[in-house]
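In what follows, a structure is listed as structure tokens, so that the remarks can point back to it.
The values are calculated or read from the model by the stated rules, or taken from the named source; none is laboratory data. Not measured: the values here are computed from a predicted model. With ideal geometry, Cβ positions are generated from the backbone for all residues, glycine too; neighbour counts draw on all protein chains shown.
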Amino acid sequence: MNHAQALINAVSQQASTQLRPLADAIDREGFYPETYLRELGKLGGFAAAIPEEYEGLGLDLSAQIDVTTIISKECGSTGFMVWCQSTCAWYLLNSPNAEVRERYLKDVARARLLAGTGMSNTVKHLAGIEKINLRAVRTESGYQVSGSLPWVSNIGSDHLAVVAAYVQDEGYIMFAVRCDTPGLSLRPCLEFSGMEGTQTLCLRFDKVA
């Protein structure tokens, strides 16, 4: 049995025994399956495409897609959160900022640090659909960010968020921020059927440095 198949078998067994009993509560009661996500991280469920030097499995994106598919068959909401977590790991792996990569990637890949991606606003802005919500100004020590970013999933007070902001006369910056950073607050969004268990919140930035 190769490494990819061993991962798939382990994830399948864990999903059927640990996630399946939670699926109804996740969708109907807004239960956030934090313990399950962290246990999945121990299996490497977010780290299939991450190199071994960062505590990944050294496989490829197709293996990560297979993991997400298996989870989604048991619970679509949790499958979405697996995408959020593994995508943040992929962002960090491909970041040109080595300091940020070294600080966060191992913990995100193994779900010791849970993470959400808030890039949809930026993507829609660049496509001409909506205005960008976060703006940053350069300071002596870096940047200061303000604005509100709704509908960011897999987020909590002790989580990491990967988002982007517009800087006047410079363009755009993409950055990772701890959700307990001073000036950053989390607020509930409107309730939507089937989304409450994904811990989807609004991020409010008030001169966050």
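Among the candidates Gly128, Gly197, the residue that is over 14 Å from the mean Cα position of the chain (by Cα) and either in a loop (DSSP other than H, G, I, E, B) or loosely packed, with under 13 Cβ neighbours inside 10 Å (or both) is uniquely Gly128.
Name the one entry in Thr78, Thr35 that is surrounded by fewer than 23 Cβ atoms within 10 Å (Cβ to Cβ) and either under 25 Å from Ser120 (Cβ atoms) or in the same structural domain as Val11 (by TED's automatic domain parsing) (or both).
On the way: Thr78 fails: surrounded by fewer than 23 Cβ atoms within 10 Å (Cβ to Cβ).
Going through Thr78, Thr35 in turn, just one is surrounded by fewer than 23 Cβ atoms within 10 Å (Cβ to Cβ) and either under 25 Å from Ser120 (Cβ atoms) or in the same structural domain as Val11 (by TED's automatic domain parsing) (or both): Thr35.
Would you point out the residue of region 42-98, among those that are assigned to a helix (DSSP H, G or I) and among the aromatic types (Phe, Trp, Tyr), that is nearest to the chain's Cα centre (by Cα)?
Of all residues in region 42-98, those assigned to a helix (DSSP H, G or I) come to 42-43, 52-54, 61-74, 76-93, 98.
Next, from what is left, pick out any that are among the aromatic types (Phe, Trp, Tyr): 54, 80, 83, 90-91.
Numbers: Tyr54: 17, Phe80: 10, Trp83: 7, Trp90: 10, Tyr91: 10 Å.
Across region 42-98, the extreme among qualifying residues is Trp83.
Restricted to region 134-156, and to residues there that are modelled with pLDDT under 95 and outside any strand (DSSP E or B), the residue that is nearest to Glu196 (Cα to Cα) is Ser141. Sub-7 Å Cβ pairs linking a first residue in region 58-75 that is within 12 Å of Val11 (Cα to Cα) to a second residue that is outside any helix (DSSP H, G or I), at least 6 apart or interchain, are Ala63/Ala48; Ala63/Ala49; Gln64/Ala48; Gln64/Ala49; Val67/Gly45; Val67/Ala48, ordered by first then second residue.
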